[in-house]
Amino acid sequence: MAALGGSLAVARSGSLPLARCPSSALRCAWAGVMEPAPRWLAGLRFDNRALRVLPVEAVEPESSPPAPRSVPGACFSRVRPAPLRQPRLVALSEPALTLLGLGAPPADAADREAREAEAALFFSGNALLPGTEPAAHCYCGHQFGQFAGQLGDGAAMYLGEVCTAAGARWELQLKGAGPTPYSRQADGRKVLRSSIREFLCSEAMFHLGIPTTRAAACVTSASTVVRDMFYDGNPKHEQCTVVLRVAPTFLRFGSFEIFKPTDEHTGRAGPSVGRDDIRVQMLDYVISTFYPEIQAAHALSERPQRNAAFLQEVARRTARMVAEWQCVGFCHGVLNTDNMSILGLTIDYGPFGFLDRYDPDHVCNASDGAGRYAFGKQPEVCRWNLQKLAEALEPELPQAVAEAALAEFDAEFQRYYLNKMRRKLGLVRAPQEEDRALVARLLETMHLTGADFTNSFALLSSFPEEPASPALEDFLDRLLAQCASLEELKLASQPRVDPEQLALMLMLAQSHPQLWTLIGSQPDVTRELARREQRSRLEQLSPATLRSQNQGHWAAWLQEYRARLEKDAESAEDVPGWRAERLQVMLANNPKYVLRNYIAQKAIEAAENGDFSEVQRVLMLLEAPYHREGEATEPDSKPPAWAAGLSVT
């Protein structure tokens, strides 16, 4: 153990250049120094099928950082992580590490310390595990509705694919490990705040039951980069941090867009336009590896039918994923085609957010001025992105066939979403035609009253369904406490556009409507006008009047809800058993905890001061987001007032 500790101490200094480690070697040298051999991680076995099957750029990584370049005719470029000074472990996700066949943490403190030091070394990219072959993936994408051309892994690196004794295959990826050919003008680094958010949310989503990539480790360092967090001319030095991500694959819709011809709107083209042979290779690899049941169901002569079945299944998975998002109030923030997984996983956690006050127009990305990726638009955007994937598969998948394959998205989303909402409301017996309208009116009531999305659903599990229950008044008081106060609503409706600027924009809309449409400012102005109208209405209200209005809205909906519960109970032979089932189902579908912005921010601030215990505490909380049997069903408290002003970038 002492020998390993000495080697780790050398590596943590970050003073030695990293040499590429061939997959066949057990060790490799850093400028003549033997690379430390892993102990805890020595059992990981790599079989990097993606690099064997898909074309890799012929250029080998140089000793200097790679220059940004176009990469035609390849799906990957070989790279190497850039060393960090004094890497230090922030946190490990034990459930994610279990996927790789790694055992539980040792009881002995010295062994735990050595394990953490090894994690800091290898999961920072300062040393490479035997069998890894670092590479960056080439992809394109439509960003905010416009084709952006080549993008690629500008801050992420494929390490390799771990094959476990159980027969699973997991791709490991470092995010924030340094520049690649796809970094453009960036440095390939991520900072502590964004890395903690991605680490925590990846694991939070998994424990909520939502398909997602995983995060196994978060490692920070003494190395820094300069970032202007709010783009306000006040940059500062921030700690370079790396997240170890785990998924069956990180291929995405944009992976197939590298073949796109010149776009008529942006003039950009994919770097591998015309390389239909590579598109065939990618389809064969993806379907045979990740959709073997589809591959097995179609003969070699049935390629169009096989490819249609693949697209249809991607559409189904994507529909179910976004339905899950809508049911927990998750807003992705950057739903570009390069951030959409071909496995229907939540991928690339940038400026995401969970709803506090329910608002279908909520935008969690400060860069999304037009509200393209607002919470309520997510299903529509996912459907649009699937259409772009279908276009990228042509001619291997004719458009007419693709349209038929995509037709199932809307129906699958509606079916899955409504079934999930029924479970959230405890409707455990036969579905009723009125259920869709009941859900719609609930969301409308939440919107009108500014109700907390997560807490309101959690409270409904304690709703007394008997009309004359003495607990009803107390329940309504607790529900009203989850509604936004008058001051909170006024803060949310504050004007965000200077009055003179707004007047100029409205004048432009009247005098030059074609130019107005071209610059795409209409949604932003429409929201601003609605915000000002809402502010004007609020100025006429008193807190007592607002409470009275909220009480009326909720009382009307609860009356509908009680009537629907009575129908559900009537179809049950055992009413006490029905009540127990209803409670169990609601507790299993309405989380008590989600990763709210203020919770993440408190963990980030502690970590920036060198205290990682809050990150670890929040991680443990998120690993058990639902009420346990026997626990009180009281929801978590509402976010504090200061949380309303948090800006996420």
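One table, with the values for the structure above:
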| item | result |
| --- | --- |
| Backbone HN-Hα couplings from phi across the stretch 402-410 [Karplus 6.51/-1.76/1.60, Hz, Gly and Pro as x] | 5, 4, 5, 5, 7, 4, 7, 4, 4 |
| Net charge of Cβ neighbours under 11 Å - reference P467; Lys, Arg +1; Asp, Glu -1 | -2 |
| Nearest-ten-degree value, helix 192-207 long axis tilted from longest Cα axis of the chain | 70 degrees |
| Estimated vicinal HN-Hα couplings, Hz - the stretch 467-480 in sequence order (Karplus 6.51, -1.76, 1.60; Gly, Pro = x) | x, 9, 4, x, 7, 5, 5, 5, 4, 5, 4, 5, 5, 5 |
| Under 5 Å, built H, 5+ apart or other chain: amide partners of G73 | S272 |
| Extension gain (nm, one decimal) between A471 and E560, 0.36 nm per residue minus Cα-Cα | 30.3 nm |
| Other-chain or far-sequence residues with amide H under 5 Å of E465's (modelled H) | none |
| Cα centroid separation - the stretch 43-86 against the stretch 534-580, whole Å | 56 Å |
| Segments 44-51, 370-377, 337-344 sorted - mean Cβ within 10 Å per residue, highest first | 337-344, 370-377, 44-51 |
| FRET efficiency for R415 and W384, using Cβ-Cβ distance with R0 set to 22 Å, rounded to 0.05 | 0.65 |
| For R245, net neighbour charge (Lys/Arg +1, Asp/Glu -1) across residues whose Cβ lies under 9 Å away | 0 |
| C-alpha long axis of helix 2-12 to longest principal axis of the chain, angle in ° | 80 degrees |
| Peptides ranked, highest mean first, by Cβ atoms within 10 Å: ranges 290-303, 78-91, 165-178, 271-284 | 78-91, 165-178, 271-284, 290-303 |
| Cα long-axis angle, helix 597-608 against the chain (0 to 90 degrees, to the nearest 10) | 40 degrees |
| For Cα extents along the principal axes in Å, calculated from these coordinates, the label among (1) 85, 57, 52; (2) 80, 64, 59; (3) 103, 59, 49 | (2) |
| Computed label-point distance, nm, for sites S637 and E264 using a 7 Å Cα→Cβ extension | 5.7 nm |
| Over the chain: helical MRE at 222 nm, DSSP H runs n ≥ 4 each giving -39500 (n - 2.57), nearest 500 | -13500 deg cm²/dmol |
| Euclidean distance of C-alpha centroids, the stretch 173-240 and the stretch 301-376, integer Å | 20 Å |
| Selection from A96, A136, W40 lying farthest towards where the dipole of the stretch 36-140 points positive, charges on Cβ | A136 |
| Per-residue HN-Hα couplings for the stretch 281-289 [Karplus 6.51, -1.76, 1.60; θ = phi - 60°; Hz; x = Gly/Pro] | 4, 5, 4, 4, 5, 5, 5, 5, 8 |
| Cα-centre dipole for the chain with unit charges at Cβ (Lys and Arg positive, Asp and Glu negative), debye to 20 | 1180 debye |
| Part-to-part distance (alpha-carbon centres) for the stretch 396-471 and the stretch 87-131, which is given in Å | 41 Å |
| Amide H contacts of T224 (H built 1.01 Å from N, under 5 Å, at least 5 apart or other chain) | C240 |
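None of the figures in this text is laboratory data; all of them are computed from the coordinates on show. Source: prediction; values computed, not measured. Cβ atoms come from the backbone with ideal geometry, glycine included; neighbour counts cover every protein chain shown.
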